[in-house]
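This report concerns only the one structure given below.
The values are calculated or read from the model by the stated rules, or taken from the named source; none is laboratory data. Since the model is a prediction, treat every value here as computed from it, not as a measurement. Here the Cβ positions follow ideal geometry from the backbone for every residue, glycine too, while neighbour counts run over all protein chains shown. Ligands, DNA and RNA are stripped out before the accessible areas are found, and what is left, the full protein with its side chains, is counted by its heavy atoms. Shrake-Rupley method; radii C 1.70, N 1.55, O 1.52, S 1.80 Å.
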Amino acid sequence: MKKKGMETQKDEHPSVEKPVKKRSDGSKKPQATLPSSKRVKSTSDGRLLRRPKAQVTLPPAVEETESLQKLYNLLEAKEFKTRMEGVALLLDLCKSSPQLVSTNTVQIFDYFVPRLGDTHKKVKQKALDVLAEIVGILKDGLNPVIICLVEGITNNLNSKDPGVYAAAVKALEESMAHLALVAWVYPRSPEVVQRYALPVLWSFLGNKALPVRSVNVRTVVTKLACTLYKVMGAKLRKHAASQPPHVRENLSDILGW
């Protein structure tokens, strides 16, 4: 009888729950719960559905930096085809992100100008062709580098390769057309003309190796000289006075002084 009573008491005794472990700060440890974005959902047929991974979007500044670095790497590549890709990429950037190129003009063209004198004629011709297009896109954005660009162009005007020569003349025509437009700002911004247009004119007139007698070259140089004379008048003669004698002679021949 006694044994049966003990069994009854044992059955009626409430179960004891295991104590909840506490953290060092005395608070209860919460149950780990996955954030809603990472929970795995299931369909009615028991298949698991996982949320697609979110695409990582880089800040604009990082994307721009990566684009420019890619451009620099391509332009300096050993393979000529890769350098041509770099030249093509520059044109694409000028069309899609002209502000980016204008903001980094000096640095970008430090890498591009050597391609105007590339050892491979295909790269050289491609660079000249692209430059002719770039001038019309960037316009005044090219002013800080226009002198070195024109020098790069003129170095190809004596090329015996017909493709390179034709591309150089085209690039020269576009550059001179731009500088002629620059000249018209002389009345309100004479320093712009003195800084960008005049040095180019002196460079042409002073380059003894330049085929000034060539109809194409002489035509574009004459246009620039005449435009500058129209806007500057006697001041052009004054600026020319500080140039070497053969420069003054070439200018006089062009303007009929």
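Mind checking whether some residue in the range 110-118 is open to solvent by less than 10 Å² (accessible area, probe 1.4 Å), at pLDDT 95 or above and either assigned to a helix (DSSP H, G or I) or under 23 Å from G206 (Cβ atoms) (or both)? Within the range 110-118 (the criterion being open to solvent by less than 10 Å² (accessible area, probe 1.4 Å), at pLDDT 95 or above and either assigned to a helix (DSSP H, G or I) or under 23 Å from G206 (Cβ atoms) (or both)), the answer is yes, since at least one residue qualifies. Going residue by residue through the range 79-91, is there one that turns out to be at pLDDT 95 or above and either within 23 Å of G206 (Cβ to Cβ) or outside any helix (DSSP H, G or I) (or both)? Yes. Scan the range 170-197 and report the pairs whose first residue is free of Cβ contacts under 8 Å to residues at least 12 places away in the same chain and more than 13 Å from G136 (Cβ to Cβ) and whose second residue is outside any loop (DSSP other than H, G, I, E, B) and open to solvent by less than 80 Å² (accessible area, probe 1.4 Å), with Cβ atoms within less than 6 Å and a gap of 6+ or a chain change. Once the first residue is free of Cβ contacts under 8 Å to residues at least 12 places away in the same chain and more than 13 Å from G136 (Cβ to Cβ) and sits in the range 170-197, its partners that are outside any loop (DSSP other than H, G, I, E, B) and open to solvent by less than 80 Å² (accessible area, probe 1.4 Å) give V185/V192. Which numbered condition trips up V145, out of (1) in contact (Cβ under 8 Å) with a residue 24 or more places away in the chain; (2) among the aliphatic types (A, V, I, L, M); (3) more than 29 Å from S97 (Cβ to Cβ); (4) surrounded by fewer than 22 Cβ atoms within 10 Å (Cβ to Cβ)? For V145, the exception is condition (3). Does E79 satisfy being open to solvent by 50 Å² or more (accessible area, probe 1.4 Å), farther than 30 Å from Q194 by Cα and not β-branched (V, I, T)? In short, yes. Of all residues in the range 218-257, those satisfying the criterion of being of a type in the set (S, T, Y) and at pLDDT below 90 are T219, T222. Within the range 192-217, the set of residues being assigned to a helix (DSSP H, G or I) and at pLDDT below 80 comprises V215, N216, V217. As a summary of the residue check, S203 satisfies the conditions (1) surrounded by fewer than 21 Cβ atoms within 10 Å (Cβ to Cβ); (2) more than 17 Å from H239 (Cβ to Cβ) except for the one numbered (2). The condition (being of a type in the set (A, V, I, L, M), touching a helix residue (DSSP H, G or I) at 6+ places or on another chain (Cβ under 9 Å) and under 16 Å from V200 (Cβ atoms)) is satisfied by just one residue among V169, V164: V169.
The test for being assigned to a helix (DSSP H, G or I) and either open to solvent by less than 10 Å² (accessible area, probe 1.4 Å) or in contact with a His (Cβ under 8 Å, 6 or more places away or on another chain) (or both) does not hold for S102. Of everything in the range 241-251, what is free of Cβ contacts under 8 Å to residues at least 12 places away in the same chain, closer than 20 Å to V193 by Cβ and in a helix (DSSP H, G or I)? Give them in sequence order. Answer for the range 241-251, where residues must be free of Cβ contacts under 8 Å to residues at least 12 places away in the same chain, closer than 20 Å to V193 by Cβ and in a helix (DSSP H, G or I): just R248. Residues in the range 221-234 that are open to solvent by 10 Å² or more (accessible area, probe 1.4 Å) and either more than 13 Å from W257 (Cβ to Cβ) or among the hydroxyl-bearing types (S, T, Y) (or both): T222, K223, T227, Y229, K230, V231, M232.
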